[in-house]
Every structure is written in structure tokens, then in C-alpha cells.
1. Evaluate the following for PHE63: is it assigned to a loop (DSSP other than H, G, I, E, B), surrounded by 11 or more Cβ atoms within 10 Å (Cβ to Cβ), modelled with pLDDT of 80 or more and among the hydrophobic types (A, V, I, L, M, F, W, C)?
2. What are the pairs, 6+ residues apart or on separate chains, where a residue within segment 53-65 that is closer than 18 Å to GLY12 by Cα has its Cβ under 8 Å from a residue that is part of a helix (DSSP H, G or I) and not β-branched (Val, Ile, Thr)?
3. Listed residues VAL50, VAL44, VAL76; which is surrounded by 18 or more Cβ atoms within 10 Å (Cβ to Cβ) and within 22 Å of VAL9 (Cα to Cα)?
4. Going through segment 87-101 one residue at a time, which ones are farther than 20 Å from ARG128 by Cβ and surrounded by 14 or more Cβ atoms within 10 Å (Cβ to Cβ)?
5. Can you spot a residue in segment 73-82 that is in a helix (DSSP H, G or I), without any contact (Cβ under 8 Å) to a residue 12 or more places away in the chain, under 26 Å from THR98 (Cα atoms) and among the small types (Gly, Ala, Ser)?
6. Quick check on segment 110-153: of everything there that is of a type in the set (Asp, Glu) and farther than 21 Å from GLY25 by Cβ, which residue is modelled with the highest pLDDT?
Amino acid sequence: MLAYFVSAVAFGFVIGSLARWAVPGPDPMPAWLTIFIGLTGSLVGGGIMVAIVGTGTRTDLYFTVIASIAVAALVVIAYRRFVQGRPVAGPEAHRLPTKGFGIPRLRRRLLQLGIDPDSVGGPGGPQRLAQVKEPAADEHDADLQRLENLRKLEDLHEAGLLTDEEFRAKRAALLGERQ
């Protein structure tokens with residue numbers, strides 16, 4: 001009896017793992033959920049195949065396994081869509097989820113390791129928190145401010161308030177040039 005239970009759990013884990021692998025993007029979840037998804041896919045997919053093909057041939061086993069994986073993949077898609085609330089395709093499908101079983105714990109662990117959880121699945125891959133750039137002053141605004149200061153400097157020079165040497169020195173300092 002214990003052997004049947006262990007083999008059912010192992011089979012459910014294998015089918016659930018293959019279903020998770022078949023759906024693109026990360027699907028972090030506890031092992032028990034993988035087993036549950038695999039067993040659900042096996043029962044439903046196997047039941048459908050037995051109803052269609054019947055039993056007794058070697059090929060019905062292959063069709064049953066394929067149907068089990070397909071149904072389990074549909075369960076993974078439903079979990080991602082309705083529990084995690086994220087898409088199945090596109091760039092957002094490859095990001096680490098924010099909701100779901102075990103997700104808050106996983107995100108806390110990543111933070112403890114110094115990895116930004118929101119960078120997982122993004123361009124450039126996971127980033128360490130020390131490498132994550134805080135949004136600094138907009139570079140475009142800094143360039144506009146530098147141009148405005150150059151105009152003011154030129155106005156002061158044209159008005160005769162700055163000598164040629166003072167103008168060149170201040171301009172070089174503003175542009176970060178060496179004299």
C-alpha cells in the first residue's frame with residue numbers, strides 16, 4: 001500500500017514538473033503544489049484518454065502520459081492566470097510573480113541574499129541590490145540645466161561682467177573640462 005502511495009506521489013511530481021517546464025516563464029511553487037498539479041493532470045488526462053482510447057494496448061500508456069502532461073500544463077496556466085494574476089505569454093510572463101503559494105517567502109529569501117526580486121526575469125537578469133540604480137536626477141534635466149547655465153555665462157560675458165579669461169575658466173568648469 002505504501003509503495004502505491006509513493007509511486008503516485010513520484011508520478012505526480014514528474015508529471016507536474018514536466019507541465020511546469022512546458023509553460024514558459026518561472027513558476028516557483030512548493031513541491032506539494034507540483035505534486036497536486038501532476039496528480040490532477042494524471043487523473044483528468046488519464047480519465048479522458050481511457051474514455052477515448054480504452055485500455056489494454058501499449059500505445060494507450062503513451063497517450064495517457066501525454067494527455068496527463070497537457071492537462072497538468074493547463075492547470076499551471078490556470079494557476080498562473082487566476083492565482084498569481086499574471087500573463088502566460090509576453091515579457092511579464094518571465095518575471096518573478098508577486099502572488100502565489102510560497103512567493104512571499106521566496107521574495108524575502110532573495111532580499112536576504114541581496115538580490116532584487118523584481119529584477120528576476122527582466123533584461124540583464126537578476127541584479128544585486130547594491131547594483132540596482134536608484135532613479136537619480138534625470139540626465140536630460142541635468143543637460144538642460146547645463147545649457148541654461150552656459151547661456152547665462154555667455155550673457156554675462158557679452159554684458160562685460162566677465163573677462164575672456166574668467167569666461168573660459170567658468171565655461172571649462174561648467175563643462176568639466178581641464179584647463
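1. The answer is no for PHE63.
2. PHE63/MET49; THR64/GLY45; THR64/GLY46; THR64/MET49
3. That would be VAL76, the only listed residue that is surrounded by 18 or more Cβ atoms within 10 Å (Cβ to Cβ) and within 22 Å of VAL9 (Cα to Cα).
4. Answer for segment 87-101, where residues must be farther than 20 Å from ARG128 by Cβ and surrounded by 14 or more Cβ atoms within 10 Å (Cβ to Cβ): PRO87, VAL88, ALA93, PRO97, GLY100, PHE101.
5. Yes, there is a match, as at least one residue in segment 73-82 is in a helix (DSSP H, G or I), without any contact (Cβ under 8 Å) to a residue 12 or more places away in the chain, under 26 Å from THR98 (Cα atoms) and among the small types (Gly, Ala, Ser).
6. So, considering only residues that are of a type in the set (Asp, Glu) and farther than 21 Å from GLY25 by Cβ, the one modelled with the highest pLDDT is GLU148.
The values are calculated or read from the model by the stated rules, or taken from the named source; none is laboratory data. Just so it is clear, the model here is predicted, and its values are computed rather than measured. Don't worry about glycine lacking a Cβ; one is built from the backbone with ideal geometry, like all the others, and counts go over all protein chains shown.
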